[in-house]
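Okay, structure first, notes after.
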Amino acid sequence: MAQLVNKPLLKKELRQALRGHGALIAQNVYLIAFFVIAVAAASSHLIFSTALAWRAGSAAFWAVMMTQAVLAIVVIPGATASVMTTEHEQKTYDTLASTPLTSSHIIWSKMLGYFVISGSIMVVSVPIGAACFLLGGVPLAPALLSLVVLCGAIAFATALGVYCSTLAKRTAAAVPKAVCAGLVVLLLFGMVGQGAPVLGAVSPLGAMNFLSREQPVPVFNLAVPVWLASLLFWAVAVLALAEAGVQRIQHLPHQRLWGVRWRVLLLFAMLAFAALGSVQALGETATPGCAGGACCGTGGDTDPEKVPQALAIFAAIIGHVLVALVPLFAAGLLTPLDKRRIAGEKTKDYSIWERMFGLSLDAGARYVMLLALLTLVIALLGMLLWGGEVFGDHWDAIVLGFVPIFAAVWALSMGTRIIGFCAWPRSDFGRKLVCVLLFGALILVSVCPAYVLARDVDEPTFASELSLTPVLAAGVVSAFHISLFEAESAAMKALTEWVPMPVITTVLYVALGILFLLAKRRMRQIWIRRQAAAQVSPPLPEDTHPAPSTPDA
Amino acid sequence: MIRIQGLTVKYDDLVAVRSVDLHVPAGTVFGLVGPNGAGKTSMMRAIAGLLVPAEGHCTVAGVDVQEDPVAVHRMIGYMPDFFGVYDHLLVWEYLEFFGELYGMSGSSLRRRIEEVLEITDLQIKTDSEIGGLSRGMKQRLCLARAMVHEPQVLLLDEPASGVDPRGRYEIRRLIDRLGEIGKTVLVSSHILPELSDICDMIGIMEKGNLVAHGSMDDIAAELGAYRILTIHILDSKAETVPGVLAGFEHLHDIEVAGDTVHATLTDDPEALAELLQRLINAGIRIGGIQEQRAELEDLFLQLTRGELA
Ligand SMILES: Nc1ncnc2c1ncn2[C@@H]1O[C@H](COP(=O)(O)OP(=O)(O)OP(=O)(O)O)[C@@H](O)[C@H]1O
Ligand SMILES: [Mg+2]
């Protein structure tokens, strides 16, 4: 431990973070918020009869624990993403790096420090948990184990934030990366877990769900206690993230390259594992997308007939996660290529991603793209290997499901470029905010038709879950609609008799993209004109200052 | 103490330091001078192990910086040219933090903190939050920080920029004292005169090259610097001096004004001896000699053409 954690550095981090009223206020707000959650969760049971007090206790306890677990993964990465970047921004990094500290010391001490700080804020919810305990209905062991799971989630979230912090030099660049990464983890594990209980169980929400039912996780043909699976997974993840972070700050370029390949491999392995998990889980059960893996059996043979269906669902879920993330990434993608082109850069200097989407994508966005392509490949490969003759029936569902997704990504990135060209709002932050709000509205608008369409699908659980992940639910649901479920929806039939639904969605999004493109053209002309005007007009007062040349000897 | 061999530092295509060889013996105060972008900071950062050189090695007390950076970091105190401090810590907490990083603790650390605060004239600010210090005070705090673990080697990158004239004087005196107690100091500045009286050796950098290094006298000689003599001639024979010195190769310029002669001479003791010998041989009696050395500023300007790298 002494090899990894440096006590003075730990002390300094704690001193810096806990000084002032910030931590106290955060704790109190947190306490009040969770008190409200607990009361709200308990009240619905208490209204009916005091005999149901034990149910109220259980409901309140798990509501508090689950909310905390989700909060940990969503908030902590963003809050800790400034850990390394502020050292760069405040220019304290060099002084720190010239001391006997090693990069392991720096990463691990900071991680431990922020783990303690995040933990100390969450600790205030323990009295609420204890109060729920008094109402009854919460067995002791799962209650304690849920704290273990929560600690695991906090440790992971902290490690994720610290790692993201080594990816950038500025906090403004690191925070979106960290928040996106946290959301990816939550959504990916939560949603993929719908199909693959192995992964669903390590998601903090899934783990709490399993714990509250005192149910083991089916890992292929074994039943593993969920806290063990969860803790093991987070521990490996923390180690991997810390190691990756340590490598990032050793200033050695060749290691960085290896790191990227390693991460891509890991991503691929994870997806393959999740795909296998979906196949195993869905092959056994008739209901696709059973919530939290609650209805999965353990053991038994996989039905080869259902494999392609399982893979299709898996791919569709990943696709949904991807589209739901677009506005978030878009918020970080406000460097339109055209500005760079006007500044004299040549098109051939752009990466393939930049040429595809017209934006300089940052690492996080590239991962999303990669994720989509990998999923597609895995799904198709799996169908090719296992699908046999059914392959012919279903490949179009996947491909057609993905075409609209890429169309949407394209349309949204075009929209981002418009905002990039607008001089309003003035600040970077303001533009990002507008971006998120606009795309959020767009998503809301597309939720409605998606929901209407999904409502008619045979499987009510599956339909409602898909409609929760918005935007292109319509496209993908319809792809399933046609090829997999063949539902008896009159509206759908009437529409899709002539044109397949994914084609309609694609056309819609391409049209939207073209609209954005035209608007962007216009913005570009305005921008160029404004630049030209700025050049001929007299220089601004700031530029007329004489160069400070007097030596202050 | 510090040995640099064939050091080349590159930022992508830009060569910031070009195969520099340098040896700074233990106990030497070495001044690094050069215009903006000369590569001073890059060189210091390479010695402090903060960047990986494209070629060459730096060793401190025989330890290669790339091979064992932690061992080197224990021996050095580095003060970057642009630096920040942790605004939310108190002054003593800041120094305690760095002291502990170097393995100091307890009363010896507390005593040392008081010492460095006294040296840098910051005692009254011991319990202040760092965010409330002025720029110059932060500069002094950073200097105190670099010294807190009593390192053998100090790398000070423009320690006096942003400090008031009195502070500059104090920092110069401090460096002087560090030299006296046997520390090896590598200090950089844009301003040569600021360094010339405190440094045992000077290195002049331009566009990544170490164009000259050695003691002030060595550099002056190497550059063919000159000195101006004001010679007071007795017996009203001043008029004859130019004749006597005609053809003397070390003489650059001569001017007669009444009883005094202003002669510009190569900066070489031999040249002066020869000149006096000639005058005496010609029976000219000398009432007095005043010597005026070429200004350091001139020297510096002569060496560096002020081109940016
Ligand atoms: N991080 C960097 N990335 C790219 N180029 C750099 C970087 N740091 C320095 N350079 C370049 O290296 C050259 C040397 O810079 P350096 O900072 O070493 O000079 P310096 O002598 O310290 O200058 P100054 O007196 O202005 O501090 C400059 O041309 C500079 O532009
Ligand atoms: Mg410099």
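The values are calculated or read from the model by the stated rules, or taken from the named source; none is laboratory data. It should be emphasised that the depicted structure is a prediction, and the values quoted were computed from it without experimental measurement. Reconstructed Cβ throughout: ideal geometry from the backbone, glycine too, with neighbour counts over all protein chains shown. Heavy atoms of the whole protein, side chains included, go into the accessibility calculation; ligands, DNA and RNA do not. Shrake-Rupley method; radii C 1.70, N 1.55, O 1.52, S 1.80 Å.
Taking the stretch B:279-297 as the search range and keeping residues that are part of a helix (DSSP H, G or I) and open to solvent by less than 70 Å² (accessible area, probe 1.4 Å), which one is modelled with the highest pLDDT?
Selected residue: B:LEU279.
Just give me the residues in the stretch B:111-124 being within 22 Å of A:LEU96 (Cβ to Cβ) and either of a type in the set (S, T, N, Q) or more than 14 Å from chain A (Cβ to nearest Cβ) (or both), in sequence order.
Scanning the stretch B:111-124 gives B:ARG112, B:VAL116, B:LEU117, B:THR120, B:LEU122.
Which one of A:GLN68, A:GLN90 is at pLDDT 85 or above and more than 24 Å from the chain's Cα centre (by Cα)?
A:GLN90
In the stretch B:5-44, how many are more than 15 Å from ligand 1 (Cβ to nearest atom) and among the acidic types (Asp, Glu)?
The qualifying residues number 1.
Pick out the one residue from B:ILE47, B:ILE2 that is more than 10 Å from ligand 1 (Cβ to nearest atom), touching a residue at least 60 places away in the same chain (Cβ under 8 Å), within 14 Å of another protein chain (Cβ to nearest Cβ) and buried (at least 17 other Cβ atoms within 10 Å of the Cβ).
Going through B:ILE47, B:ILE2 in turn, just one is more than 10 Å from ligand 1 (Cβ to nearest atom), touching a residue at least 60 places away in the same chain (Cβ under 8 Å), within 14 Å of another protein chain (Cβ to nearest Cβ) and buried (at least 17 other Cβ atoms within 10 Å of the Cβ): B:ILE47.
Let's see how each residue does on (1) within 16 Å of ligand 1 (Cβ to nearest atom); (2) assigned to a loop (DSSP other than H, G, I, E, B):
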position: B:GLY131; (1), (2): no, no
position: B:GLN139; (1), (2): yes, no
position: B:SER161; (1), (2): yes, yes
position: B:GLY167; (1), (2): no, no
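Looking for whichever is within 16 Å of ligand 2 (Cβ to nearest atom) and among the hydrophobic types (A, V, I, L, M, F, W, C) here; the options are B:LEU178, B:LEU251, B:LEU245, B:LEU186. Which one fits?
Sole residue among the options that is within 16 Å of ligand 2 (Cβ to nearest atom) and among the hydrophobic types (A, V, I, L, M, F, W, C): B:LEU186.
Looking only at the stretch A:62-94, count how many residues are crowded, with 24+ Cβ neighbours inside 10 Å and hydroxyl-bearing (Ser, Thr, Tyr).
The total comes to 1.
Among the residues of the stretch B:168-178, are any more than 13 Å from the chain's Cα centre (by Cα) and within 14 Å of chain A (Cβ to nearest Cβ)?
yes
Can you name every residue in the stretch B:125-147 that is within 20 Å of A:ASP94 (Cα to Cα) and either open to solvent by 10 Å² or more (accessible area, probe 1.4 Å) or away from chain A (no Cβ under 14 Å) (or both)?
Of everything in the stretch B:125-147, those that are within 20 Å of A:ASP94 (Cα to Cα) and either open to solvent by 10 Å² or more (accessible area, probe 1.4 Å) or away from chain A (no Cβ under 14 Å) (or both) turn out to be B:GLY131, B:ARG135, B:GLY136, B:MET137, B:LYS138, B:ARG140.
Hey, among the residues in the stretch B:63-102 that are more than 10 Å from chain A (Cβ to nearest Cβ) and without any contact (Cβ under 8 Å) to a residue 12 or more places away in the chain, which one's nearest to ligand 2 (Cβ to nearest atom)?
Within the stretch B:63-102, the match that is nearest to ligand 2 (Cβ to nearest atom) is B:ASP64.
State the number of residues belonging to the stretch B:26-47 that are near ligand 2 (Cβ under 10 Å from one of its atoms) and under 18 Å from B:GLY62 (Cβ atoms).
0
Which pairs turn up if I take residues in the stretch B:164-189 that are in contact (Cβ under 8 Å) with a residue 12 or more places away in the chain and open to solvent by 30 Å² or more (accessible area, probe 1.4 Å) and look for partners that are away from ligand 2 (no atom under 16 Å from the Cβ) and not aromatic (Phe, Trp, Tyr) with beta carbon separation below 7 Å, at least 6 apart in sequence or on another chain?
B:ASP164/B:GLY136; B:GLU170/B:ASP121; B:ARG172/B:ILE198; B:ASP176/B:ILE198; B:GLY182/B:GLY27
Residue-by-condition table, conditions (1) exposed (fewer than 15 other Cβ atoms within 10 Å of the Cβ); (2) within 14 Å of chain B (Cβ to nearest Cβ); (3) out of contact with any Pro (no Cβ under 7 Å at 6 or more places or on another chain); (4) of a type in the set (Lys, Arg):
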residue	(1), (2), (3), (4)
A:ASN6	no, yes, yes, no
A:GLU13	no, yes, yes, no
A:ALA17	no, yes, yes, no
A:GLY22	yes, yes, yes, no
A:GLN27	no, no, yes, no
A:ILE32	yes, no, yes, no
A:VAL36	yes, no, yes, no
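Given the stretch A:73-179, what helices (runs of 4 or more DSSP H) lie entirely inside it while holding 2 or more residues that are within 14 Å of chain B (Cβ to nearest Cβ) and more than 23 Å from A:PHE233 (Cβ to Cβ)?
A:82-89, A:93-97, A:103-123
Can you name the condition, by its number, that B:LEU50 falls short on among (1) under 21 Å from B:ALA160 (Cα atoms); (2) within 16 Å of ligand 2 (Cβ to nearest atom)?
(1)
What do you reckon, is B:GLY208 more than 14 Å from every other protein chain (Cβ to nearest Cβ) and in contact with a Phe, Trp or Tyr (Cβ under 9 Å, 6 or more places away or on another chain)?
Judged against the criteria, B:GLY208 is not a match.
Per-residue answers, yes or no, for (1) closer than 20 Å to B:GLY84 by Cα; (2) over 27 Å from the mean Cα position of the chain (by Cα):
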| residue | (1), (2) |
| --- | --- |
| A:ILE106 | yes, no |
| A:LYS110 | yes, no |
| A:PRO127 | no, yes |
| A:PHE133 | no, yes |
| A:VAL148 | no, no |
| A:LEU167 | no, no |
